[in-house]
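For reference, the structure discussed in these notes is given below.
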Amino acid sequence: MPAPAAGGGGPAAATISPSLSHKQILTILAGLMVGMFLAALDQTIVATSIRTIADDLDGLSLQAWATTAYLITATITTPLYGKLSDLYGRKPLFLTAIGIFVIGSVACTFATTMYQLAAFRALQGLGAGGLFSLALTIIGDIVAPRERARYQGYFVAVFGTSSVLGPVAGGFFAGRAELLGISGWRWVFLINVPLGILALFVVSKVLNVPHTRRDHRIDWPGALALTVGLVPLLIVAEQGRTWEWDSGRSITCYVIGGVGLLAFLLAERRIGEDALLPLRFFRSGVFSWGSGAAFVAGLGMFGGIALLPLYLQIVKGATPTEAGLLTLPLVLGIMSMSIFSGQLISRTGRYKIWPIVGLTLMIVGLLLFTRVDVDTPFWQTAVYMVVFGWGLGANMQPLTLAVQNAMPPKDMGVATASATFFRQMGGTLGTAVFLSILFSTLPDRIADNFRSAAGDPGFQAALADPAVTSDPVNEPVLGALRSGTPVSLDDSSFLSVADPRLARPILAGFAGSMSLVFLIGAAVLVVGLVCVIAMKEVPLRTQSGVDARRAPE
């Protein structure tokens, strides 16, 4: 029989799995956090240093493929790790994910071309796909849903820490020509090796989650169909802006992706209970609405997070390292609200209110960001970051908790991986679409600003100043004005050294286009808010996943 529900203010011991003590849970949590930190740090540290890496490997035009390759393999393998962990146990799959990630990191260290780096980043992604979802799944195994939010707040702290350390470390390594006889940027990947070895050691020693094997078939047709469906769609999401969304290559990706997803649905329907993503999950309103909300939240979350560093670096002139530090208010907002909401969920057992509050704050935060321009003081932007961060902190973990709590304990792995999968897909699409909107509207805004600047005495004074017109750093702007063509923004580094009077129309164009993107992001998040309002709140179980599976039917 299930354990009786503990009172809202009862001690943790009343609701935590009797199989493990609080100290044991924290020990396991330490191993899981190291594993998650690997993947979280890698994303931010590589993003900061990719320009330097691409320059060194003579492949600046190919740098996007290194990111795309990692993203494709990490996204596709997420549901596969969840399903296999339900069948074979969490520990071997988590150790496998860490091991593959470390091997991929070592391989990236020895890359000599961008094509090699893209291939090795794809290998890294094969491991990264299991690090996030399996860590959340394991917590679901050992901690009752009533107490789980309190522990999942630690995971959000991992993301927050990595978002600050990543840009700082990436800037440090990328800025060193050589470190201990090795090219500085190669340490971006090499740093994963000692962290990975530590994670392997800790997880192998402390993680012992009981697992009961059951008869099964491995859904290889579903996995293959999902790959065929997602690979072209993820490629076009990342490359569509460069290719143009209605180009022949883009349309080909749409068609192949659509056929693959249809084949995936047919395969899942045919294999039934052993499906990679059982279709019966969608008969649960919590799973359906929760997955939809996670997808939409991913759209807004990654769209906002992707634009903030661009604003700080391009409009405000911050270096990548400085931009990472300047996003600290966002990180503090995420961490503080995640911990606060987790504590209240554990005390009250009520969780639905938090994604509602979270999405509302995210909408408010994005609307506030639409007010940011070239002259906005940083303290004001920092306040807006805190509001947006509060929204993220209140929203991220409760949605995963809702899905875990609503689905059968035997499906903990695939349910958690599915929630993570939908959020990642939303994030990928959001980043691609929002950046596409930004750069497609930018040329017209800049052109309008230059026309308006024609009546500005300061701008005209700059054009008449021989010291300005003879300085080569101003040539990108002056050349465009002479030829009547748009300013080339393939390399925006000139904006930080050009005469401020000449650069201002361009900076104002960036700020204006970003405001439009933030406004569209806020409108999209309204759909997510509708999803969480429609989602039914199921009382939180007071048993861990392991204990629930042990309990008699």
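Each value in this text was obtained by applying a stated rule to the coordinates, not by laboratory testing. Keep in mind the model is a prediction, meaning the values are calculated, not measured. Virtual Cβ from ideal backbone geometry, glycine too; neighbours counted across all protein chains shown.
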Inset, instruction - Might you report the magnitude of the Cβ-based charge dipole of the range 246-326 about its Cα centre, with Lys and Arg at +1 and Asp and Glu at -1, to the nearest 20 debye? - result: 140 debye
Legend entry - Nonlocal Lys pairs with alpha-carbon distance under 25 Å, the chain (8 or more apart, or different chains): 11
Inset, instruction - Would you mind ranking 273, 147 so that the residue whose beta carbon has the fewest other beta carbons within 10 Å leads the list? - result: 273, 147
Inset, instruction - Rank 170, 88, 325 by how far each Cα sits towards the positive end of the charge dipole of the chain (+1 on Lys, Arg Cβ; -1 on Asp, Glu Cβ) and give me just the farthest. - result: 88
Inset, instruction - Taking the Cα centre of the chain as origin, sum charge times position over the Cβ atoms of Lys and Arg (+1) and Asp and Glu (-1), and report the length of that vector in debye to the nearest 20. - result: 2120 debye
Inset, instruction - Decide, for the range 65-182, between rounded, prolate and oblate: order the square roots of the alpha carbon gyration tensor eigenvalues as a ≥ b ≥ c, take rounded if a/c falls under 1.5, and otherwise choose prolate if a/b is larger than b/c, else oblate. - result: oblate
Inset, instruction - Give the residue from 528, 123, 511 lying farthest towards the positive end of the charge dipole for the chain; charges sit on Cβ (+1 for Lys and Arg, -1 for Asp and Glu) and the dipole is referred to the Cα centre. - result: 528
Inset, instruction - For an R0 of 22 angstrom, estimate the FRET efficiency from the Cβ-Cβ distance between residue 176 and residue 112 and round to the nearest 0.05. - result: 0.70
Inset, instruction - Could you tell me which of 419, 159, 112 has its Cα farthest along the dipole of the chain towards the positive end, charges placed at Cβ (Lys, Arg +1; Asp, Glu -1), taken about the Cα centre? - result: 419
Inset, instruction - Could you pull out which residues in the range 291-335 have an amide N less than 18 Å from a spot 7 Å beyond the Cα of residue 371, following the Cα-Cβ vector? - result: 330
Legend entry - Extension gain (nm, one decimal) between residue 282 and residue 440, 0.36 nm per residue minus Cα-Cα: 53.2 nm
Inset, instruction - Name the shape class, rounded, prolate or oblate, that the alpha-carbon gyration tensor gives for the range 220-273, where a ≥ b ≥ c are the square roots of its eigenvalues, rounded holds for a/c under 1.5, and otherwise prolate holds if a/b is larger than b/c and oblate otherwise. - result: prolate
Legend entry - Value at 222 nm in deg cm²/dmol, rounded to 500, when DSSP H runs of n ≥ 4 in the chain each add -39,500 (n - 2.57): -25500 deg cm²/dmol
Legend entry - Inter-site label distance for residue 165 and residue 269 at 7 Å from Cα along Cβ, in nm: 4.8 nm
Legend entry - Per-peptide average of other Cβ atoms within 10 Å, ordering 255-267, 131-143, 424-436 highest first: 131-143, 424-436, 255-267
Inset, instruction - Place a +1 charge on the Cβ of each Lys and Arg in the range 220-273 and a -1 charge on the Cβ of each Asp and Glu, then give the dipole magnitude about the Cα centre in debye, rounded to the nearest 20. - result: 100 debye
Inset, instruction - Report the relative contact order of the chain, percent, no decimals, based on alpha-carbon pairs under 8 angstrom and at least 6 residues apart. - result: 23 percent
Legend entry - Ranked by how many other beta carbons lie within 10 Å on average, peptides 337-344, 223-230, 390-397, 123-130 from highest: 390-397, 123-130, 337-344, 223-230
Legend entry - Rounded if a/c under 1.5, otherwise prolate or oblate - the range 249-352, Cα gyration tensor axes: oblate
Inset, instruction - Can you tell me the order of 182-193, 311-322, 447-458 when each peptide is scored by its average per-residue count of other Cβ atoms within 10 angstrom, highest first? - result: 182-193, 311-322, 447-458
Legend entry - Taking the range 220-273 and dividing mean pair separation by its residue count, relative contact order in percent (alpha carbons under 8 Å, at least six apart): 53 percent
